[in-house]
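S.K.: Pasting in a structure now, in structure tokens, and then I'll have a few things to ask.
Rule-based calculations on the coordinates, nothing more; no lab input. Given the structure is predicted, the values throughout are model-derived calculations rather than measurements. Cβ atoms come from the backbone with ideal geometry, glycine included; neighbour counts cover every protein chain shown.
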Amino acid sequence: MPTPPPPCRWDLPDPALAEPGQDLLAVGADLDPGTVFAAYCRGLFPMHLDTGELAWWSPDPRGVLPLDGLRVSKSLRSSIRHYTVTVDAAFADVMTACADERRDQGWITPDFVEAYTQLHRLGWAHSVETWDDAGRLVGGLYGVSIGGLFAGESMFHTARDASKVALVALVSILRRDGLDRLLDVQWRTDHLATLGVVEIPRSEYVQRLAAALTLPSAFATA
């Protein structure tokens, strides 16, 4: 069972009270486990501004992947057979790969790596890893899991379809007992849309989040 983090000492904003279309809700606070945990429970997530300041976001609209809407192409189905998938076998390695400064629009700074690694140690953050036949880590993803919420943070690949294979495995984990869990991807991008990601109003996201938080985590038996 996950270990409860310390209480949050900040007065975090309520996304339900934000102006429609306003994504950035606050600047400041910290990345302590209790702060980050409380933020996700409210529908917020952290990301630095270009100035380096820590900011808290709640996009409107919000990108989510319906668990019955994942699009798996014929080529992706073929790729799945060529990889081995694990859960929580290499969390730090997945985060490090996602944080590679050579990637475009890199935002995962060392303080983020430390923060989410702490959440992982407490049982609130998880990774899904993809390995090739030679036993090399070639793809994966990580995110925060609280109740029936999985907030996907980032994914990477160094081999064809390796990150998509991890996503297919994640959806399978979240769906396995038929509960209506919530897979949050923050923003819908053109790439994510090809996988089935859609946009929903923040007001709907907040309602779905409240329901999801009452459900058991799919990672309790992953």
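S.K.: Neighbour counts of other C-beta atoms within 10 Å: give me HIS191, HIS126 arranged from fewest to most.
M.R.: HIS191, HIS126
S.K.: Helix 33-42 against the longest principal axis of the chain: what's the angle in degrees, Cα atoms only, rounded to the nearest 10?
M.R.: 90 degrees
S.K.: Turning to a different aspect of this structure: Over region 58-207, what is the mean sequence separation of C-alpha contacts under 8 Å (at least six apart), divided by residue count, expressed as relative contact order in percent?
M.R.: The normalised contact order for region 58-207 reaches 38 percent.
S.K.: In region 143-195, if the dipole is taken from +1 on Lys/Arg beta carbons and -1 on Asp/Glu beta carbons about the Cα centre, which of SER172, VAL144, TRP187 is farthest to the positive end?
M.R.: Working it through, the farthest residue towards the positive pole turns out to be SER172.
S.K.: Continuing with this model, one more query. So for region 1-56, taking the charge dipole from beta-carbon charges (+1 Lys/Arg, -1 Asp/Glu), which of ALA39, GLN22, ALA55 sits furthest toward the positive end?
M.R.: ALA39
S.K.: GNM on the chain, C-alpha springs below 10 Å: top fluctuator among GLY123, GLY43, GLY135?
M.R.: Largest GNM mean-square fluctuation: GLY135.
S.K.: Moving to a separate point now. Angle, helix 202-212 long axis vs. longest principal axis of the chain, Cα atoms, 0 to 90°, nearest 10?
M.R.: 70 degrees
S.K.: Give the calculated FRET efficiency between ASP177 and ARG71 to the nearest 0.05, with a Förster radius of 25 Å applied to their Cβ-Cβ distance.
M.R.: 0.65
S.K.: Could you state the angle between the C-alpha long axis of helix 110-122 and the longest principal axis of the C-alpha atoms of the chain, as a value from 0 to 90 degrees rounded to the nearest 10?
M.R.: For 110-122 against the chain, the angle is about 80 degrees.
S.K.: Measuring from centroid to centroid over Cα atoms, what is the spacing of region 69-99 and region 194-216 in Å?
M.R.: 23 Å
S.K.: Per-residue HN-Hα couplings for region 137-143, Karplus 6.51 cos²θ - 1.76 cosθ + 1.60 at θ = phi - 60°, whole Hz, x for Gly and Pro?
M.R.: Coupling constants for region 137-143: 6, 10, x, x, 8, 8, x Hz.
S.K.: Separate question: Run lengths n ≥ 4 of DSSP H only: what is the helix-derived mean residue ellipticity at 222 nm for the chain, with -39500 (n - 2.57) per run over all residues, to the nearest 500?
M.R.: One gets -8500 deg cm²/dmol as the mean residue ellipticity at 222 nm.
S.K.: Here is a further query. Could you give the distance between the Cα centres of region 1-23 and region 103-160, to the whole Å?
M.R.: 21 Å
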